[in-house]
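Q: One structure coming up, written as structure tokens, with questions to follow.
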């Protein structure tokens, strides 16, 4: 394999429940080329299969006295670095999987349910989407590496 550079770690994993309108925290999630298996967005839009969000986004809200729980920003993977530093096309290795960064996450109207200031506050800090290049399992605390 090419050289890899560690950039962070998975802190939390979430899926969107098909049956309920909420995020479910997981210790492990299975992914394939169509996205996250058992997620309500599975096989919908491959370029938006997985959302990576940083703990920093939650810290920004906390600094403005906005209370939010991990998962409320819609992320599938909560990471300990700012994924906005990753350019479109960057490939990352997580466990035995490979993801490719596709687009920055646009701000959704549902974020106003947390607080009306959240969309503007997180305009450039909510996260990035990735598509699956190689499936497998993502696990809590897995290292996240850039493939150079």
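The values are calculated or read from the model by the stated rules, or taken from the named source; none is laboratory data. Just so it is clear, the model here is predicted, and its values are computed rather than measured. Positions of Cβ are backbone-derived with ideal geometry, glycine not excepted, and every protein chain shown enters the neighbour counts.
Q: Being surrounded by fewer than 16 Cβ atoms within 10 Å (Cβ to Cβ), part of a loop (DSSP other than H, G, I, E, B), at negative phi and without any contact (Cβ under 8 Å) to a residue 60 or more places away in the chain is the filter here; which residues of the range 18-47 pass it?
A: 18, 19, 20, 21, 22, 37, 40, 44, 45
Q: Moving on. Quickly run through the range 48-73 and pick out the residues that are under 23 Å from residue 36 (Cα atoms), touching a residue at least 40 places away in the same chain (Cβ under 8 Å) and out of contact with any helix residue (DSSP H, G or I) (no Cβ under 8 Å at 6 or more places or on another chain).
A: 48, 49, 50, 51, 55, 57, 71, 72
Q: I would also like to ask the following. Surrounded by fewer than 16 Cβ atoms within 10 Å (Cβ to Cβ), assigned to a loop (DSSP other than H, G, I, E, B) and either at positive phi or modelled with pLDDT of 95 or more (or both), is that true of residue 74?
A: Answer is no for this residue.
Q: Quick check: anything in the range 124-144 touching a residue at least 60 places away in the same chain (Cβ under 8 Å), on the phi > 0 side of the Ramachandran plot, surrounded by fewer than 13 Cβ atoms within 10 Å (Cβ to Cβ) and touching a strand residue (DSSP E or B) at 6+ places or on another chain (Cβ under 7 Å)?
A: Yes: the range 124-144 contains one or more residues that are touching a residue at least 60 places away in the same chain (Cβ under 8 Å), on the phi > 0 side of the Ramachandran plot, surrounded by fewer than 13 Cβ atoms within 10 Å (Cβ to Cβ) and touching a strand residue (DSSP E or B) at 6+ places or on another chain (Cβ under 7 Å).
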